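The values are calculated or read from the model by the stated rules, or taken from the named source; none is laboratory data. Being a predicted model, the structure only gives us computed values, none of them experimental. Quick reminder, even Gly has a Cβ in these numbers, built from the backbone with ideal geometry, and neighbours come from all protein chains shown.
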Amino acid sequence: MSIKEPESSHPRDVKAAWNSYWSGASTSSRPKAPETSHPALLELWSAFFASTGKANPRLLDIASGDGIVPQVAFEALATSSPDITCSDVSPVALAAIEKRMPSVQTCSCDAAQLPFGAGEFDLVTSQFGIEYAGRDAIPEAARVLRPGGRLQLVLHLRGGDIYQKCRDNLLAAEEFMESGFMQQAQTVFDNLLATGKSKGRDRENPVEIMTPGIEKTVGIINRFGRHVTDGTIDTIFMTVARICRSPSRFDLAEAQHWLKTMCEEMPGYATRMRSMCDAALRKEDVDALVSELEKHSLEVDSPRPISLSGKGADSAWVIRATKVV
């Protein structure tokens, strides 16, 4: 069941970039967002839901994304018959959640403008989502929580390892788009198609055409590592090299379409990485968030960082609170 979407305050390019991501989230060649189903996070959510102690709890998950939090809720609250609502700015993400979990309600809306009444929910949650909507989303989350209800948020941590990965991905993606490599590769593919895969004088030397882009791309990979952008830049670079070395082994029209798709997707990927970096919170931001929750009658446990890397580096903030009766 879907609820009508109110006007969103999210920038159009950011909303479009995330809609595009969720539309093709299963495409392996596309850069992926940071992992949301880390075992430590699954354990954190399982413990939160297991301690609910209420039959038929009403849950609102804000900025549900891939739906991992409501999925854990269904498992942890299986005997409690939870009533779950998922909200997100992306209708595409919500459609995917509905397909996997038909019993949930969904609402395409901005977290800062929730179309729900005061005190409607026993539980309010968000993982790597509510912070994108800015400060106004916090009093909204508090408003829809009933007295005695509980809230848990997992938020991006500025300077943490997920933040650093997103920042590297953003810088590398921007440099790669500016390198000219993909445009030069498109020129080479156009030439190969025009000459019918011919050899010799009829075919321009791909290396000569692409030397500037090759040098810049090699520099990007050397500085950031082959893993940057989840290996997408490296995959594009190596695939283009293979096609240029042996064009007769490939369907050049298909290769041209693939490269065009990658060119179109890279700006959206950079936009998503930038939005993640912009949403990440410093300690003083978390302190301000806690103060905002307390203004709206929530008792907040001490916020704490959580590590997902296995190396001890902080990855995210965890905030848990209860609304005072």
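Listed values, structure above:
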item	result
Flag for Ile220 being closer than 30 Å to Arg282 by Cβ, not assigned by TED's automatic domain parsing to the domain that holds Ser307 and not acidic (Asp, Glu)	yes
Any chance Glu294 is among the acidic types (Asp, Glu) and outside the structural domain of His156 (by TED's automatic domain parsing)	no
Number of positions in the stretch 111-149 that are under 21 Å from Arg272 (Cβ atoms) and touching a Pro at 6+ places or on another chain (Cβ under 7 Å)	0
Residue match in the stretch 21-31 (condition: modelled with pLDDT of 95 or more and surrounded by fewer than 16 Cβ atoms within 10 Å (Cβ to Cβ))	no
Hey, Asp278 of a type in the set (Asp, Glu), within 27 Å of Val89 (Cα to Cα) and within 25 Å of the chain's Cα centre (by Cα) or not	yes
Condition check for Asp122: in contact with a Ser or Thr (Cβ under 9 Å, 6 or more places away or on another chain), acidic (Asp, Glu) and in the same structural domain as Ala241 (by TED's automatic domain parsing)	no
Qualifying residue in the stretch 196-208 (condition: out of contact with any Cys (no Cβ under 9 Å at 6 or more places or on another chain) and either of a type in the set (Val, Ile, Thr) or buried (at least 22 other Cβ atoms within 10 Å of the Cβ) (or both))	no
Checking Glu178 against (1) closer than 30 Å to Ile162 by Cα; (2) modelled with pLDDT under 95; (3) of a type in the set (Asp, Glu), the condition it does not meet	(2)
Residue within the stretch 102-113 that is within 18 Å of Leu153 (Cβ to Cβ) and either of a type in the set (Val, Ile, Thr) or outside the structural domain of Trp18 (by TED's automatic domain parsing) (or both) present	no
Of all residues making up the stretch 293-313, the number that are within 22 Å of Tyr163 (Cβ to Cβ), at pLDDT 95 or above and surrounded by 18 or more Cβ atoms within 10 Å (Cβ to Cβ)	1
Failed condition for Val318, given (1) part of a helix (DSSP H, G or I); (2) surrounded by 15 or more Cβ atoms within 10 Å (Cβ to Cβ)	(1)
Long-range neighbours under 9 Å by Cβ, at least six apart or interchain, first residue assigned by TED's automatic domain parsing to the domain that holds Val207 and surrounded by 18 or more Cβ atoms within 10 Å (Cβ to Cβ) within the stretch 227-254, second outside any helix (DSSP H, G or I) and modelled with pLDDT of 95 or more	Ile233/Arg226; Asp234/Gly225; Asp234/Arg226; Asp234/His227
Test for Asp251: is it more than 20 Å from the chain's Cα centre (by Cα) and closer than 28 Å to Lys15 by Cα	no
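Residues checked against (1) touching a helix residue (DSSP H, G or I) at 6+ places or on another chain (Cβ under 8 Å); (2) polar (S, T, N, Q); (3) without any contact (Cβ under 8 Å) to a residue 40 or more places away in the chain; (4) not in a loop (DSSP other than H, G, I, E, B):
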position	(1), (2), (3), (4)
Tyr269	yes, no, no, yes
Asp287	no, no, yes, yes
Glu294	no, no, yes, yes
Asp314	yes, no, no, no
